[in-house]
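The values are calculated or read from the model by the stated rules, or taken from the named source; none is laboratory data. Model, not experiment: these values are computed from the prediction. Ideal geometry is used to build each Cβ from the backbone, glycine not excepted, and the neighbour counts take in all protein chains shown. The protein model used for the area step is the full one, side chains on, heavy atoms only, and it has no ligands, DNA or RNA in it. Shrake-Rupley method; radii C 1.70, N 1.55, O 1.52, S 1.80 Å.
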Amino acid sequence: MRVGIVCGYSFDVPGGVQFHVRDLAEHLIATGHEVSVLAPAEDATPVPDFVVPAGRTVALPYNGSVARLNFGPVAAARTRRWLEEGDFDVLHLHEPITPSLSMLALWIADGPIVGTFHTAMDRSRALQVASPLVRPLLEKITGRIAVSEEARRTVVEHLGGDAVVVPNGVFVDRFADAARADAWCGTAERPTVAFLGRLDESRKGLPVLAAAIPQVLEQVPGARFLVAGRGDVAEYREELSRFGDSVTFLGPVSDAEKESLLASVDLYVAPHSGGESFGIVLVEAMSAGAHVVASDIPAFRSVLDGGRYGTLFPTGDTGALAAALVTALRDRDASRQVREAASEAVRRYDWSVVTAEVLAVYEMVTADGRHVHEDVRSRTVVGRLRAALDGRTETGR
């Protein structure tokens, strides 16, 4: 198939949706399909050959994080041009109701369209207001995918209709076969615990972990905590510096470094407070062979099968987190059994399995033989924006 994929979030800053789009495209290409990805990105940003940069973005707060979006007449013109040149069999939009490229593409295009919904939230005033406006657009989506039951619940409750659950994917063997780094490997005397995420986003849970670390070190003095991720958190660095090399801030890590880090440590801790629809980093840690200790939010509870493939603790409870970490570090036989079970279960998330499920949706929406084409109704507004951008007037539309 000729597949056009649109990512609503910027490739200038790494994120879960961007990684999902990139990896899906890579696997589709590896299995013989032609793929082009349209995504917000500066022209100077390094992107894979299959990614078409759509220009700079605007940073907006969204669901406890910051989303970098691309919207407006320039973005609309680039989206229309990409669609015209692509001649796609199927159009796959990620986050189609976020005001960015995916929504523009949904506005402009018609035909076999698949939408993947990544977001999970309990309530959203913005979605409540926007829902009557976007529902007519959503009717153009002929195949809906949600990356988790939590994301599906958000679709059903806020947007109406339903979606098939196809989870995020992971190249399992990349993590399972990753090289271990001596500096990050744990030993019986000095076990290692990793944390990875945006350090300055409180929902990622660094404040909860920081409060639990002293309690863990009282009972397991040799434990080492490796904290990786972007963000300036000088107060935590200063607070935890008294523990010397028991706490190390690694800063941002590359994909290869992340794989090596997760393959090297004994435990991976995910003390998130919410706002997660899936928990891809849990799957990555499980693939790499780390024992996952995670907060008991719905998305993580689902990935860990209620605690069968990792350890859950009550969300936000620092004492419970410390106790869970101490137990996992001390009982190495029990930890090994959990890791072995997780290593088997995680195969369900390998891209070879996930891509086959996505292709099944593609085949369903293209069964009538139609191709992606322009929705002429979009010209009434988008056409005028494009004409204004070109410095000319357009009549009769």
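Tabulated data for the structure shown
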quantity: Selection from segment 78-100 of residues that are touching a Cys at 6+ places or on another chain (Cβ under 9 Å) and charged (D, E, K, R); calculated: Glu95
quantity: Residue in segment 273-283 that is free of Cβ contacts under 8 Å to residues at least 40 places away in the same chain, surrounded by fewer than 24 Cβ atoms within 10 Å (Cβ to Cβ) and part of a loop (DSSP other than H, G, I, E, B) present; calculated: no
quantity: Test: Asp122 is open to solvent by 60 Å² or more (accessible area, probe 1.4 Å), at pLDDT 85 or above, among the charged types (D, E, K, R) and over 17 Å from the mean Cα position of the chain (by Cα); calculated: no
quantity: Residue satisfying condition, being acidic (Asp, Glu), modelled with pLDDT under 95, open to solvent by less than 50 Å² (accessible area, probe 1.4 Å) and within 24 Å of Thr98 (Cα to Cα), within set Glu157, Glu150; calculated: Glu150
quantity: When residues of segment 230-272 are limited to those that are assigned to a loop (DSSP other than H, G, I, E, B) and among the small types (Gly, Ala, Ser), the one surrounded by the most Cβ atoms within 10 Å (Cβ to Cβ); calculated: Gly231
quantity: Looking only at segment 184-195, and only at residues there that are modelled with pLDDT of 95 or more and surrounded by 20 or more Cβ atoms within 10 Å (Cβ to Cβ), the one that is nearest to Ala323 (Cα to Cα); calculated: Val193
quantity: Segment 345-354: number of residues that are β-branched (Val, Ile, Thr) and either surrounded by fewer than 22 Cβ atoms within 10 Å (Cβ to Cβ) or not in a helix (DSSP H, G or I) (or both); calculated: 2
quantity: Condition met for Ser295 (hydroxyl-bearing (Ser, Thr, Tyr), touching a strand residue (DSSP E or B) at 6+ places or on another chain (Cβ under 7 Å) and crowded, with 23+ Cβ neighbours inside 10 Å); calculated: yes
quantity: Residues of segment 331-344 classified as open to solvent by 40 Å² or more (accessible area, probe 1.4 Å) and in contact (Cβ under 8 Å) with a residue 60 or more places away in the chain, total; calculated: 2
quantity: Hits in segment 306-332 (condition: aliphatic (A, V, I, L, M) and either part of a strand (DSSP E or B) or over 19 Å from Gly275 (Cβ atoms) (or both)); calculated: Leu312, Ala320, Ala322, Ala323, Ala324, Leu325, Val326, Ala328, Leu329
quantity: Strands (runs of 3 or more DSSP E) wholly inside segment 1-117 that include at least 1 residues being at pLDDT below 85 and in contact with a strand residue (DSSP E or B) (Cβ under 9 Å, 6 or more places away or on another chain); calculated: 58-62, 65-69
quantity: Of all residues in segment 1-57 being aliphatic (A, V, I, L, M) and open to solvent by 50 Å² or more (accessible area, probe 1.4 Å), the one that is nearest to Val114 (Cα to Cα); calculated: Met1
quantity: Pairs with Cβ under 6 Å, 6+ apart, first in segment 84-101 and under 20 Å from Gly143 (Cα atoms), second open to solvent by 10 Å² or more (accessible area, probe 1.4 Å) and basic (Lys, Arg); calculated: Phe88/Arg2; Asp89/Arg2
quantity: Residue that is most open to solvent (accessible area, probe 1.4 Å), among those in segment 196-229 that are among the basic types (Lys, Arg) and either within 22 Å of the chain's Cα centre (by Cα) or over 20 Å from Leu282 (Cα atoms) (or both); calculated: Arg198
quantity: Test: Val170 is open to solvent by less than 10 Å² (accessible area, probe 1.4 Å), among the hydrophobic types (A, V, I, L, M, F, W, C), modelled with pLDDT under 95 and touching a strand residue (DSSP E or B) at 6+ places or on another chain (Cβ under 9 Å); calculated: no
